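Remarks on the structure that follows.
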Amino acid sequence: MTSSPQRSRMILAMILTYMVFAVLLNSVGTVILQAIQGFGVSKAEASYLEAFKDLPIALVSFLTASLLPRLGYRRAMMLGLSLVAAACALMPLLHAFWASKLLFATVGASFALAKVSVYSSIGLLTDDRQQHASLTSTIEGWFMVGVLAGYWLFAAFIDADAPADPRWLRVYWVIAAVAALTALLLASTRIDESAASDGHAAGAAFLDMFRLLAQPLIGVFLVSAFLYVLIEQSIGTWLPTFNREILHLPTTMSVQAASIFAVSLALGRLGAGLLLRRLAWHWLLIGCVLAMAALVLLALPLAAGVRPDANASWTHAPAAAYVFPLIGLFMAPIYPAINSVVLSALPKSRHAAMTGLIVVFSALGGTTGSFLTGQLFQRAGGETAFYLSLLPMALLLLAIVGLRRQSQRAEARIAVA
């Protein structure tokens, strides 16, 4: 176990790393809105931007997750942060939609390194399932704080009177600086990573990912993760555009109002640890999915018939702008809870391979959700696109029930052995 001061330093570095990526990964919605207004791209074209982020996440995670124990988790995080800092520094200089694609491709590839490293490091820094779940929820909670900060950070650089003004690209200088400083913090931190390696060759470690897929528990979990991220990204990515085009809010406020979704996710994840001490994880998550569906049916009718208002402000905004993003409060506990369930059931030497699969299927879910919502937004309107989120919610509910059954069977097999 790493010494206490170094453990605390490593946890801080992991939190800051996650927050940097939270700002960038969840800026897709803001960048889509700015690309539509500033670069003149269509919604359908902008909907592909998510793929430039998520497909590299999936590809790099799949190819490198089993190799990271040999590179070192700390070094992998440093590499990812350095690449992101360089890509961010280029954005204000290039000022083009293709540069946004390049940025998100870099962010995606770097996040694959960072997420596998962070999740695998959690197992090295904790001693039991309770500590693992607590630290996972805490780090995921700070991720959502980063998402919240990102909305306001980007909004601060957008000219309310001229939203298309390229001055908003200056925000990337700030993000590049924070990424570089976090990499320096990691460079001065030490962590014992010996437990992460099982001594197998790289090829055998890579094949371990496929062996994991053969386990029923892992299969049901990956379906759950895919569906969850599909829902979260479909809403989070297109919420600023929904606020601008359906609720007719000013551009700056559209971005800021989307931060309510991030606040809800942050509060939900930070509070999930307390609830999970009193409730069984599967009952909590089933209740969360049902509450999500109920909020969709409650909030979206409030958006119907909203007309442009020249005086729109925080005190004169449609109720839907405040009510709908609260879905994040119920959405929040699901992802860290199911991740912790599956990782806690595996030895630490298999955490990197498992996290690689988590990242791959999460990335595919994010790309699918954003793409489908963007296409529906273009053809059927924002309200219809968000109403159709009820379908994956129903499937997620079934997947959680299946995950509980498989986890019970896995626990029974371990008890017998």
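The values are calculated or read from the model by the stated rules, or taken from the named source; none is laboratory data. Remember, predicted model here, so these are calculated numbers, not experimental data. The protein model used for the area step is the full one, side chains on, heavy atoms only, and it has no ligands, DNA or RNA in it. Shrake-Rupley method; radii C 1.70, N 1.55, O 1.52, S 1.80 Å.
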Problem set entry | Surface accessible to a 1.4 Å probe, per residue, for the residues of the chain, Å² | 38
Problem set entry | the stretch 57-122 - Debye-derived log10 I(q)/I(0), Cα point model, q = 0.13 Å⁻¹ | -0.36
Exercise. To the nearest 10 degrees, how steeply does helix 390-416 sit against the main Cα axis of the chain, on a 0 to 90 scale?
Worked result: 10
For this session: For 396, 55, write out the residues from largest to smallest accessible area, computed with a 1.4 angstrom probe and no ligands counted.
Result: 55, 396
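Using the scaling law 2.2 N^0.38 Å as the reference, what is the normalised Cα Rg of the chain?
0.95
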Problem set entry | the stretch 319-386: radius of gyration and largest Cα-Cα distance (Dmax), Å | 16.4, 49
Problem set entry | Gain on full stretching of the segment that runs from residue 98 to residue 275 - 0.36 nm per residue minus C-alpha separation | 59.3 nm
Seminar exercise, completed: Computed over the chain: longest principal axis from alpha-carbon atoms vs helix 97-125 long axis, angle to nearest 10 degrees, is 30
Problem set entry | Three-way shape call for the stretch 1-116 based on the alpha-carbon gyration tensor, with the a/c threshold at 1.5 | prolate
For this session: Using Cα centres only, tell me the gap between the stretch 25-96 and the stretch 226-262 in whole Å.
Result: 19
Seminar exercise, completed: The lysines whose Cα lies under 16 Å from the Cα of residue 348, excluding any fewer than 8 residues away in the same chain, are 115
Seminar exercise, completed: Under the Karplus relation with 6.51, -1.76 and 1.60 and θ = phi - 60°, whole-Hz ³J(HN,Hα) for the stretch 316-331, x at Gly and Pro, equal 10, 10, x, 4, 4, 5, 9, 7, 4, x, 5, 4, x, 4, 8, 6
For this session: Using only the C-alpha atoms of the stretch 358-417, find the volume of their convex hull and express it per residue in Å³.
Result: 68
For this session: Pop out the ³J(HN,Hα) list for the stretch 30-39 in order, Karplus 6.51 cos²θ - 1.76 cosθ + 1.60 with θ = phi - 60°, rounded to Hz; leave Gly and Pro as x.
Result: 5, 5, 4, 4, 5, 5, 5, 7, x, 9
For this session: For the stretch 268-417, restrict the atom set to alpha-carbon positions and state the Rg and Dmax in Å.
Result: 18.9, 69
Exercise. HN-Hα J couplings of the stretch 177-183 from phi, Karplus 6.51/-1.76/1.60, θ = phi - 60°, integer Hz, Gly and Pro as x?
Worked result: 5, 5, 4, 5, 5, 5, 4
For this session: Could you please state how large a percent of the accessible area of the chain is carbon and sulfur, counting protein chains only and using a 1.4 Å probe?
Result: 66
Problem set entry | Principal-axis tilt of helix 259-276 within the chain, Cα atoms, nearest 10 degrees | 30
